[in-house]
Amino acid sequence: MGMAEREAKCRSLVRKYYSDVPSRESVMDEVIAPLLDGQQRLLDARCGAPLFLLNRYGPDAAFTVGMDVVTPSGKPEGRSVVTVGDLARLPFKDASFDLIVSRSVFEHLERPTLVFKELSRTLKPGGRLVFTTPNKYDYASLVAWVIPYSWKDFYLRRVFGEESYDHFPVFYRANSPRALRRVATESGLCIERLQALRHFPYYLLFSPTLFRIGMLYDWQVTALGLDCLKSTWLVVMGRAQAPRCGPSLSAWSSRALGGRPSS
């Protein structure tokens, strides 16, 4: 069985068992859509080559900037521009943005507090930082954390092709509730929402057998309510001078997103 056939079998399992599980993107839409009415200035922090978030939310903002460490290959849409830069030294004035979004970036930060301080500095009072990031204690993160970067790079290129988006070292220094609360406090931000999200076992798409094992793990973690072992965190932060921080993780439990998928 070739690689394409094995992945096709896994994708069929995704359609069968995960069709009723909200995706990471749909949950981000739920959070971000009410924050945009065409008047906001938005920053996509580490926008990535395909400019996914930039082009998804840019049309609903007054002006959008995407920034990454490499020149993106995608073309920005509407009133959007892209630039190359360092998140730890943003080339923007204080209080430049109403909304900052990011996806699968903060696991790569070697010095996350510096980055969060810069994001806080450039965020307007009452603005929001909305992002998703892998959970440090998800099994995929633990494996990626302990294996050499060269091994991970080889695996991603072999399984997902040369255009795989995730070819950067990982540190997972802002990828647990405790670490997120620490960097938020040190950066003058306030966590308003911290929610565990489910995801199908993406990194096991190359093997139907391992993919099924990953599904069983996900179902068991969900059934036991072990949000601390889910694959992804959705985080909403605001400026600390807001009247009060929002609910804790328990109030945004991933159980609200549904239990075990039906067969």
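Computed quantities for the displayed model
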| quantity | calculated |
| --- | --- |
| Average accessible area per residue (Å²) across region 1-58 - probe 1.4 Å, nucleic acids and ligands excluded | 49 Å² |
| Rounded Å value of the spacing that divides the Cα centres of region 179-214 and region 127-152 | 8 Å |
| Label-reachable residues, region 165-207, where backbone N falls under 16 Å from a point 7 Å from residue 8's Cα toward its Cβ | 206-207 |
| 233, 145, ranked by accessible area, largest first (probe 1.4 Å) | 145, 233 |
| Inter-label distance for residue 226 and residue 86, nm, one decimal - labels placed 7 Å from Cα along Cα-to-Cβ | 4.0 nm |
| Computed E for residue 69/residue 219 - FRET, C-beta separation, R0 41 angstrom, nearest 0.05 | 0.65 |
| Whole-Å distance, taken between Cα centres, linking region 12-26 and region 30-70 | 24 Å |
| Heavy-atom accessible area ranking, 1.4 Å probe, most first, across 10, 228 | 228, 10 |
| Test item: Cα-centred dipole of region 70-120, Lys/Arg +1 and Asp/Glu -1 on Cβ, debye | 100 debye |
| Residue (of 87, 106, 74) at the positive-pole extreme of region 30-109, dipole from beta-carbon charges | 74 |
| Surface accessible to a 1.4 Å probe, residue 94 within the full protein complex, Å² | 100 Å² |
| Rounded if a/c under 1.5, otherwise prolate or oblate - region 1-79, Cα gyration tensor axes | oblate |
| Accessible-area ranking of 60, 218, largest first, probe 1.4 Å | 60, 218 |
| Percent carbon-and-sulfur accessible area, region 1-68, ignoring ligands, DNA and RNA, probe 1.4 Å | 51 percent |
| Pair residue 20, residue 93: separation of 7 Å Cα→Cβ label points (nm) | 5.2 nm |
| Rounded accessible area per residue of region 84-125, 1.4 Å, Å² | 43 Å² |
| By average C-beta atoms within 10 angstrom, highest first, the peptides 169-182, 14-27, 97-110 | 97-110, 169-182, 14-27 |
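The values are calculated or read from the model by the stated rules, or taken from the named source; none is laboratory data. No experiment lies behind these values; they were computed from the predicted model shown. Please note: Cβ atoms are built from the backbone with ideal geometry, for glycine as well, and neighbour counts cover all protein chains shown. Just so you know, the surface numbers come from the protein's heavy atoms only, side chains and all, with ligands and any DNA or RNA stripped out. Shrake-Rupley method; radii C 1.70, N 1.55, O 1.52, S 1.80 Å.
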